[in-house]
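The values are calculated or read from the model by the stated rules, or taken from the named source; none is laboratory data. Computed from a predicted structure; not experimentally measured. Please note: Cβ atoms are built from the backbone with ideal geometry, for glycine as well, and neighbour counts cover all protein chains shown.
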Amino acid sequence: MRLLVRFVLPVLGILGILVGASSFLVSTTFRRWTEKDMALRAELAANGAREGLVHYWRDSDRAAMERVLAQITRDERMVGAAACGYDCELIAVSPGFPPGFDCATVGKSVREPGDAPGIVWKWKIWSETIQVAGGRFHVTAVPIFDRGQAFGFVTFVQDLSYADRRQSTVLKYAAAGLAFFAVTASLLTVLVARFSWREWNVEMRRLLRGGPSHSMRPEFQPIMRDLRELVSQIAVEAHTGPRGSAWTAERLRQTLRQKLHGERITILANRQPYMHQKNPEGGVSVLHPASGLVTALEPVMRACSGVWVAHGNGSADRDVVDERAHVQVPPGEESYTLRRVWLSPEEERGYYYGFSNEGLWPLCHLAHTRPLFRDEDWAYYQSVNAKFADAVRSEVDSDDPIILVQDYHYALAPRMLRDRLPRATILTFWHIPWPNSERFGICPWHDEILEGLLGSSILGFHTQQHCNNFLDAVDRFLEARIDRERHAIIQGGRATLIRPYPISIDCPSRWAKLVAPVAECRASVFAELGLPPDALLGVGVDRLDYTKGIEERLLAVEKFLERFPQYQGRFTFAQLAAPSRTAIERYRDLNTNVEQLAARINGRFERAGYHPIVLLRRHHEPLDVFRYYRAADLCYVSSLHDGMNLVAKEFVSARDDDRGVLILSMFTGAAMELTESLVVNPYDLRQASEALAAALSMPAGEQEDRMRSMRLYLTEFNVYRWAGRMLLDAARVRSRDAMSHRLVNHLRPIGRM
Ligand code: ADQ
């Protein structure tokens, strides 16, 4: 640690000064270059079009001149161009050129009275950067001559905001690069100082090969400890620093207030956060549906308030709403409105079970279930999307609301909402993977789905890979311009930003705070399952879905008991499985398969009072799920393909005792973040069984190290950060739109002078 302080801090200090100085230099040089570059681009554009312009100018063909101007301003950064005549009269303008502009003001700068006989005007190229509230624009006027005769001039307006963005990206990368260089250089120095080069080399190779870190050589452990300490220090500083970087519900509320002027948020999601069910004995109970989407979005909605529009599918849902189908939730807190939309059984079958869950769900997951696409399901999918878009339209309270569209049930809704509310800021989040374009092409309505989603202002996925797949699909199937630099798709003059936003949970979770202490949870779960105190417990928590790899998980347990017989009679695996989409045959088959598999494995290993697999096939309320997380020695998430997987994150957030081991499928989005879990290929039963053995024999110290570092990560990268980042991007989109309006208003008075 002393070495770290001696080396790292001085290097960071010097780098801080370097970064400051180079930022200043980079900014001024970059600005000069950009302005020069813009003037040059305008001049080149004018020269390139000169011949055509002069030809039409002579013929007074205004329409043809406008076509030429439209052609040379096709570049997205070019706001527009106007041709002004010899006497500063406006002759032609391109589409998009700020209305209300006349040429007189600019004319004063482009020409001045001649100072020689026979020369009436002296012409010159003129350019200037103008600052309008919230943005910068570059105006250039280029005189047009032909064979010595002056015709007038062309004025170009270019958007400088891209240059500002590029400049801040360059600065960010330069700073990050220098900082990275400093940290890496310091750590390398520390390592070299501590070990001989040869020893270090051998140890690093072993670790890179993925050798189990509990067998790490003792002399290497201080380095790892230092590294962890450094990470935790940085995180603590971020929490307690003057500006504080931790995202909390409060900070999210503040962001909404400051950056989005306290706008209400409207969420469109198929699943509702609270479901009212009739009890068999009379009365109504409130359920929290088992859904990753609800787990993530509910805390966001509590923080922001607004309206959640969803399908009302509970047996008592209609009994508790008012005449507008509204009910205030959460029960007892009433901080936001739930608007229920009613569907007929046919609509539900076609839109939800049919197109969404027999078509799009298997299409997007690589889990070997064939997607089914039926015309009648597609017809319902379209009409139900329109029905929900109308419901959202009736809930918003301005003509530029912020709408969060959720998931694959509503691929068409963003476009429908754009038609109904052209100025809305529409953030769409796709919670499941996006397949590669060959696979996506299987869907007979691929163009319509893409067009629908491109109604969004921002379209989010969990990972960069899913974003890339989406961009490839647009490239392959649509006529649209892809701006790979900005990660945007431009269609009909409108941009949709494509961004990765890895979703998370509220960490520390409110359920983890409400549930009993670990020892109590363990005692109650063990009593419930009839386990002796020295038993070892593994847990799996899922909706009963074929993408979750539940069969592979049970087979891994079988292989483990086979290969490590010392655990027979001692290790029990409890699978909490919420029945899901049972109207679909594939899900009913899965239910039967899992039941038969568990029975076969139990038959093979059971002995007096011992069943290695306990199948709990019912919905569990969140507190119950957290009780199991806290009682277990390990949690195994074995998804065959999963956008993110929040069970993995919940398990980590539940373990405030820093114990327990997470085994995580490499095919989940979460595996890219929770790197201190034991990452496995769920199809490789041998590897998975070894991970089970490694988890159960992992020393307490190593469990603590891994768990602490994952918990730290989740506290930083929680669901408030996920929502906050999206809303900050939305704020930028809104201010850019507002800026265009202001620019128009700024240029109009100039035109009247
Ligand atoms: P899901 O496929 O629903 O989410 P996941 O992210 O694992 O999957 O979340 C499941 C949620 O349901 C968790 O909150 C869990 O506690 C709860 N749950 C599971 N089994 C339960 C049971 N038996 N009883 C009660 N509750 C149970 C989709 C995508 C994911 C993505 C999320 C969020 O498929 O990849 O992580 O959306 O974007």
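Restricting to segment 557-615, what's the tally of residues that are within 35 Å of the chain's Cα centre (by Cα) and outside any loop (DSSP other than H, G, I, E, B)? Outline the logic, then answer.
Taking segment 557-615 as the starting set, the residues that turn out to be within 35 Å of the chain's Cα centre (by Cα) are 557, 573-591, 593-594, 615.
Restricting the remaining residues to those that are outside any loop (DSSP other than H, G, I, E, B) gives 557, 573-578, 585-591, 593-594, 615.
Of the residues in that region, 17 qualify.
Against the definition (within 30 Å of residue 634 (Cβ to Cβ), away from the ligand (no atom under 15 Å from the Cβ) and of a type in the set (Asp, Glu)), how does residue 534 come out, yes or no? Yes. Taken over segment 114-148, residues that are assigned to a loop (DSSP other than H, G, I, E, B) and of a type in the set (A, V, I, L, M) amount to 5. Residues that are surrounded by fewer than 20 Cβ atoms within 10 Å (Cβ to Cβ), within 16 Å of the ligand (Cβ to nearest atom), over 28 Å from residue 501 (Cβ atoms) and not polar (S, T, N, Q) are absent from segment 315-333 altogether. Scan segment 689-713 residue by residue and report those that are crowded, with 20+ Cβ neighbours inside 10 Å and under 13 Å from residue 635 (Cβ atoms). 691, 692, 695, 703, 706, 707, 710 - these are the residues of segment 689-713 that are crowded, with 20+ Cβ neighbours inside 10 Å and under 13 Å from residue 635 (Cβ atoms). Condition check: under 24 Å from residue 719 (Cβ atoms) and not in a strand (DSSP E or B). Does residue 505 satisfy that? Yes.
All of 46, 116 fail the test of being of a type in the set (Gly, Ala, Ser) and in contact with a Phe, Trp or Tyr (Cβ under 9 Å, 6 or more places away or on another chain), apart from 46.
State whether one or more residues within segment 622-638 are assigned to a loop (DSSP other than H, G, I, E, B), within 16 Å of the ligand (Cβ to nearest atom) and surrounded by 24 or more Cβ atoms within 10 Å (Cβ to Cβ). Scanning segment 622-638, I find at least one residue that is assigned to a loop (DSSP other than H, G, I, E, B), within 16 Å of the ligand (Cβ to nearest atom) and surrounded by 24 or more Cβ atoms within 10 Å (Cβ to Cβ), so the answer is yes. Filter segment 639-648 for residues that are within 8 Å of the ligand (Cβ to nearest atom) and not β-branched (Val, Ile, Thr) and give the result. Answer for segment 639-648, where residues must be within 8 Å of the ligand (Cβ to nearest atom) and not β-branched (Val, Ile, Thr): 639, 642, 643, 644, 645, 646, 648. Of all the criteria given as (1) in a loop (DSSP other than H, G, I, E, B); (2) within 12 Å of the ligand (Cβ to nearest atom), the one not satisfied by residue 656 is (2).
Of all the numbered requirements in (1) of a type in the set (A, V, I, L, M); (2) more than 16 Å from the ligand (Cβ to nearest atom); (3) over 18 Å from residue 492 (Cβ atoms); (4) part of a strand (DSSP E or B), residue 426 misses one, and that requirement is (3). When 551, 528 are checked against the criterion of being free of Cβ contacts under 8 Å to residues at least 24 places away in the same chain and either in a helix (DSSP H, G or I) or more than 30 Å from residue 485 (Cα to Cα) (or both), a single residue qualifies: 528. Among the residues of segment 93-134, those that are at pLDDT 80 or above and of a type in the set (D, E, K, R) comprise 108, 111, 112, 115, 122, 124, 128.
Yes or no: residue 444 over 13 Å from the mean Cα position of the chain (by Cα), under 26 Å from residue 386 (Cβ atoms), within 16 Å of the ligand (Cβ to nearest atom) and in contact (Cβ under 8 Å) with a residue 24 or more places away in the chain? Answer is no for this residue.
Here residue 668 meets each of (1) more than 30 Å from residue 274 (Cβ to Cβ); (2) among the hydroxyl-bearing types (Ser, Thr, Tyr); (3) within 24 Å of the chain's Cα centre (by Cα) with one exception, condition (1).
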